[in-house]
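Working notes, beginning with the structure itself.
The values are calculated or read from the model by the stated rules, or taken from the named source; none is laboratory data. Worth saying up front: this structure is predicted, and the values here are computed from it rather than measured. Glycine gets a Cβ as well: all are built from the backbone with ideal geometry, and neighbour counts include every protein chain shown. With ligands, DNA and RNA removed, areas are computed over all heavy atoms of the protein, side chains included. Shrake-Rupley method; radii C 1.70, N 1.55, O 1.52, S 1.80 Å.
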Amino acid sequence: MTKVLFLTKDKKFYYDDGKIKEVKNIKDLNGVEIRFARAMLVYDTDLPLSYFVEELGNVTIGNYTLSQLTQLLYFRNSIVFVDHEKKKIQIFLEKKEIIELPYSSLDFLRYYFAKIGRILLESVSFDYFEALSDSEINKSIFTNKTFSQVSTTMSRPNFNSLRRKLINNIINVLSFGRKQMKST
């Protein structure tokens, strides 16, 4: 069973064993892989999607021709995720299908994905996450609904202090994990 939560600066996308949805919050993170992401950089051109299919449809990208890839992506919901650290491109499709494309095709795919649309994400480095301002981190982790619910049972200054400690703990854990990975 595959469960992945994609966290961007302002949205959360959830892939739960073949179901794709944008979520506001998740109650159970048991067995969920969390990936920090941002919107994928794509290059739009004046060429229509039909050009890619008609003129370049036989071009092979991994195990798929461009025509086959178009059939998979155009008629189904999907999340495209480029993992720069692992150097791979994963496409999470509805109905429990995950396909991988070679990282070397990314430059071309940035033009192609601009025509396909869908949820297009790419990984962000830990440095990018660390560089976010406190208010941006607060927005990405705590929703207004969460803030309003907690603040009714706790004074606002105490909650702000607790929230800051929690954010610092998350950053410290991620930083510690990153330092361990570098040392091994």
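Once the other residues with Cβ under 11 Å from the Cβ of THR45 are scored (Lys, Arg +1; Asp, Glu -1), what is the net sum? Please list the in-between numbers first.
Details: positive: ARG110, LYS115; negative: ASP44, ASP46.
Around THR45, the surrounding residues sum to 0.
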| request: On the protein heavy atoms, probe 1.4 angstrom, tell me the percent of accessible surface of the stretch 18-130 carried by carbon and sulfur. | output: 48 percent
| task | Could you do me a favour and compute the accessible area per residue for the stretch 28-104, 1.4 Å probe, result in Å²? | result | 60 Å²
| query | Which of the peptides 29-41, 88-100 is most tightly packed, and how do the rest follow, going by the mean number of other Cβ atoms within 10 Å of each residue? | reply | 88-100, 29-41
| field | Positive minus negative residues near TYR14 (Lys, Arg vs Asp, Glu; Cβ under 14 Å) | value | +2
| field | Net charge, TYR111 excluded, C-beta distance under 13 Å - Lys, Arg +1, Asp, Glu -1 | value | -2
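Using the per-residue mean of other Cβ atoms lying within 10 Å as a proxy for protection, in what order, highest first, do the peptides 105-112, 75-82 fall?
Numbers: 105-112: 16.6, 75-82: 18.9.
Highest-to-lowest ranking by the protection proxy: 75-82, 105-112.
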| Separation between the ARG76 and SER104 pseudo-spin-labels, each 7 Å from Cα along Cα→Cβ, expressed in nm? | 2.6 nm
